[in-house]
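What follows is one structure encoded as structure tokens, with my remarks underneath.
Every number in this text was worked out from the coordinates using simple rules, so none of it is lab data. Quick caveat, the model's predicted, so the values are computed rather than measured. Positions of Cβ are generated from backbone atoms using ideal geometry, with glycine treated the same way; all protein chains shown enter the neighbour counts.
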Ligand SMILES: CC(C)(COP(=O)(O)OP(=O)(O)OC[C@H]1O[C@@H](n2cnc3c(N)ncnc32)[C@H](O)[C@@H]1OP(=O)(O)O)[C@@H](O)C(=O)NCCC(=O)NCCS
């Protein structure tokens, strides 16, 4: 079972709670991507990727599973993940700035890993300019496997694919 920090509760959500994910992303993204992605691009991407119908499509048509973490009564972060072949993929992972560094990110990853076990590896894409997230993943045991071009909403970026063997 994943180790969850004190006063943190993690629960899987359904379509009816996807607005929590949308609200958290709107708060986290401007902080997470400051200096990495331009502000007007962030707004366009949030409106596209985090539209409720986009999130609902990921959950119902693509089989992505979503979990939300609550800390001391506040919805504080979320993860979404899916499994392809023998790999668990983390698709989205965002923690409120004031709730970062207390173990929620790690606990959310472990929740996804436990759900999809057994897997041979866990992988994710991260923007190649998102140094803080890259450091976090390295500390957690991920290594950069490749650099890939990606389309996010209408924009082109470069991601690292990071992988950890399980
Ligand atoms: C990156 C992110 C998901 C990490 O989640 P978090 O809840 O802050 O991280 P945790 O508290 O679980 O940290 C787990 C470990 O990583 C370490 N860590 C956290 N952030 C780190 C960083 N920026 N650099 C190095 N280590 C870091 C912690 O010290 C902790 O180590 P420990 O278990 O030995 O104490 C979170 O900070 C976040 O949402 N960032 C902004 C959004 C983002 O960039 N998301 C990723 C998109 S791909």
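Miscellaneous remarks
- Among 25, 112, 121: highest mean-square fluctuation, GNM of the chain, C-alpha pairs under 10 Å: 121
- Taking the DSSP bridge list for the range 46-158 and keeping only pairs wholly inside it, about 85 percent are antiparallel.
- For the range 1-81, the square roots of the Cα gyration tensor eigenvalues, ordered a ≥ b ≥ c, give a/c of at least 1.5 with a/b no greater than b/c, which places it in the oblate category.
- Segments 145-152, 84-91 sorted - mean Cβ within 10 Å per residue, highest first: 84-91, 145-152
- Gyration tensor (alpha-carbon) shape descriptor, the range 71-166, a/c threshold 1.5: oblate
- Counting only DSSP H runs of at least 4 residues, each contributing -39500 (n - 2.57), and dividing by the residue count of the chain, the helix-based mean residue ellipticity at 222 nm comes to -10500 deg cm²/dmol.
- Relative contact order (%) - criterion: Cα under 8 Å, at least six apart; region: the chain: 22
- Computed over the chain, Kirkwood Rh from alpha-carbon pairs, angstrom: 16.1
- Cα centroid separation, the range 87-166 to the range 51-83: 15 Å.
- Fluctuation leader among 69, 133, 107 - the chain, Gaussian network, Cα springs under 10 angstrom: 133
- The ranking of 75, 43 by Cβ neighbour count inside 10 Å, starting from the fewest, reads 43, 75.
- Among 98, 11, 70, residue whose mean-square fluctuation peaks in a GNM of the chain (springs only between Cα atoms under 10 Å): 98
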